[in-house]
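The values are calculated or read from the model by the stated rules, or taken from the named source; none is laboratory data. Just so you know, these numbers come straight off a predicted model, no measurement behind them. With ideal geometry, Cβ positions are generated from the backbone for all residues, glycine too; neighbour counts draw on all protein chains shown.
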């Protein structure tokens with residue numbers, strides 16, 4: 001489970017765009033603090049409201065939680081000397097960043113794309129799972145993203161958990177990942193990264209997520225971290241896809257990441273030891 005949390009925490013929200021969004025969110029949190037509600041004279045009715053809805057059961061057998069529709073209403077904080085209008089403007093900006101635009105897929109559509117990817121990668125049966133869909137607004141055109149985590153009540157040692165990230169405009173894959181029920185250990189042992197079994201495993205796993213007209217042209221081991229080996233394959237369409245293989249779990253593919261413009265030289269925020 002610890003490995004999965006690392007994958008989700010670092011691969012799940014990826015790249016500079018996400019870092020900027022998270023940074024701005026921290027700033028807004030200070031201006032829209034729940035704890036300061038009692039000290040402000042701004043009535044909550046003066047702010048735009050986010051409508052909640054009951055989680056619907058989907059055709060895929062999972063229950064969907066549309067996170068943008070279930071966000072808590074931030075409460076304005078005037079301790080920083082902000083005017084009512086400034087507070088409202090900050091709130092409206094925050095709300096816009098959490099809400100899909102007219103060009104974006106709905107949460108239900110984003111979750112459906114995510115579920116399809118997980119079925120391709122892992123054969124995942126998501127019946128009875130809870131799918132929590134989080135919208136992330138990109139800083140560049142057509143880079144908005146749906147992050148969907150699939151979890152199910154039960155003992156974490158016996159229930160697999162899955163996650164997928166898709167482009168909110170096109171539905172194309174950014175990343176998918178899973179925690180295997182037996183994946184409970186962390187190894188710091190140095191692995192033989194020149195072992196051809198790593199690339200062989202990757203080149204068996206990655207095609208599961210490729211269109212029929214796209215093939216692998218070359219592959220390389222790029223790093224090791226915590227018992228995991230990272231392999232990146234260059235693709236015939238100029239893109240690249242990487243897979244994280246857990247060494248102690250028969251090279252179980254803990255996660256995949258897609259780079260539409262080719263491998264960028266790093267696994268999106270991981271502090272990895274180089275493969276040399």
Just one of the numbered conditions (1) loosely packed, with under 13 Cβ neighbours inside 10 Å; (2) under 15 Å from residue 169 (Cα atoms) is not true of residue 133; which one? (1)
Any idea which of (1) within 17 Å of the chain's Cα centre (by Cα); (2) surrounded by fewer than 21 Cβ atoms within 10 Å (Cβ to Cβ); (3) in contact (Cβ under 8 Å) with a residue 40 or more places away in the chain is the one residue 142 doesn't satisfy? (3)
In this structure, does residue 179 turn out to be in contact with a helix residue (DSSP H, G or I) (Cβ under 7 Å, 6 or more places away or on another chain) and modelled with pLDDT under 90? yes
Give the number of residues within the stretch 231-266 that are out of contact with any helix residue (DSSP H, G or I) (no Cβ under 7 Å at 6 or more places or on another chain), assigned to a strand (DSSP E or B) and more than 16 Å from residue 178 (Cβ to Cβ). 5
Subset of the stretch 90-105 (residues that are surrounded by 16 or more Cβ atoms within 10 Å (Cβ to Cβ) and in a loop (DSSP other than H, G, I, E, B)): 98, 100, 104, 105
Test set (1) part of a strand (DSSP E or B); (2) more than 27 Å from residue 116 (Cβ to Cβ); (3) touching a residue at least 24 places away in the same chain (Cβ under 8 Å) - residue 218 fails condition number: (3)
